[in-house]
Amino acid sequence: MLIHPTLDQLRTLRLTGMVKALQEQMQMPDIDSLSFEQRLGLMADREITERQNRHLKTRLRKARLRQSASVEDIDYRQPRGLDRALVAKLQSCDWIKEHHNLIITGPTGTGKTFLACALAHKACREGLSSLYLRIPRLFQDLLISKGDGRYAKLLTSIAKTDLLLLDDWGMSKISSEQSRDLLEIIDDRHGLRSTLITSQFPVDHWHQLIEDPTLADAILDRIIHNAYKITLKGDSMRMKKSKLTPPTQKD
């Protein structure tokens, strides 16, 4: 039986996983020991795996995570107040499916962004969409979008994302115009999607980081009250992991 027409038909149907599985089966010397149903099942399994991998790559590309991080690489050895039980709970991604938020605070270098990206990466692996945005860059993009007509489209895109990761909250004071934009984003997501925020500043300092106190009340009320909180502490992990070596002395 000629197999090439069948391969061409599978490619036309975009069943690339089944194509690879069938080609591999043709190279197996003991393939005749498998029944038709077994071979078909193996091909279907391969197709599902291929599709899942493609979809994961697409979600990760769209997430634009700042760091290549995974939950398996989270470092619990450093004494930085990281609750292993809470992180394990967050890894299930149930908090995202239940539309809760997450706030990660702590000094520079304690691993806030890495932890946030690792959890966002896990969300992508669980079939959820994620998007990483630095707060300063977000406000810049929103300002530009108002000039080129993309503002409404940008807000809609952000609103549809299952997990929005806002990094570097409070690096500079949030103006009244920026606060209104932020309220639009947070209000669209409130009770419908999850938001993960990282900041060097404790949550009880956030109100003073927002220029308009009324808008600050509205924004923080929608973020904080249904949020899990992780407070990291300790010295910079970048400093601890530095491999700088002292200069060698000459005799």
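The values are calculated or read from the model by the stated rules, or taken from the named source; none is laboratory data. All values reported here derive from a predicted model rather than from experimental measurement. So basically every Cβ, Gly included, is an ideal-geometry build from the backbone, and we count neighbours across all protein chains shown.
Tallying residues that are closer than 18 Å to Gln52 by Cβ and touching a helix residue (DSSP H, G or I) at 6+ places or on another chain (Cβ under 9 Å) within the range 11-23 yields 7. With respect to the stated conditions, Leu90 fails to be in the same structural domain as Trp169 (by TED's automatic domain parsing), in contact with a Lys or Arg (Cβ under 9 Å, 6 or more places away or on another chain) and either surrounded by fewer than 20 Cβ atoms within 10 Å (Cβ to Cβ) or closer than 21 Å to Trp206 by Cα (or both). All conditions in (1) touching a Phe, Trp or Tyr at 6+ places or on another chain (Cβ under 9 Å); (2) touching a residue at least 60 places away in the same chain (Cβ under 8 Å) hold for Gln78, with the sole exception of (1). Can you name the residue in the range 177-205 that is surrounded by 14 or more Cβ atoms within 10 Å (Cβ to Cβ), hydrophobic (A, V, I, L, M, F, W, C) and outside any helix (DSSP H, G or I) and, of all such residues, is modelled with the lowest pLDDT? Only one residue fits best here, namely Phe201. State whether the residues of the range 120-138 include one that is loosely packed, with under 15 Cβ neighbours inside 10 Å and either hydroxyl-bearing (Ser, Thr, Tyr) or in contact with a Pro (Cβ under 7 Å, 6 or more places away or on another chain) (or both). Within the range 120-138, not a single residue is loosely packed, with under 15 Cβ neighbours inside 10 Å and either hydroxyl-bearing (Ser, Thr, Tyr) or in contact with a Pro (Cβ under 7 Å, 6 or more places away or on another chain) (or both).
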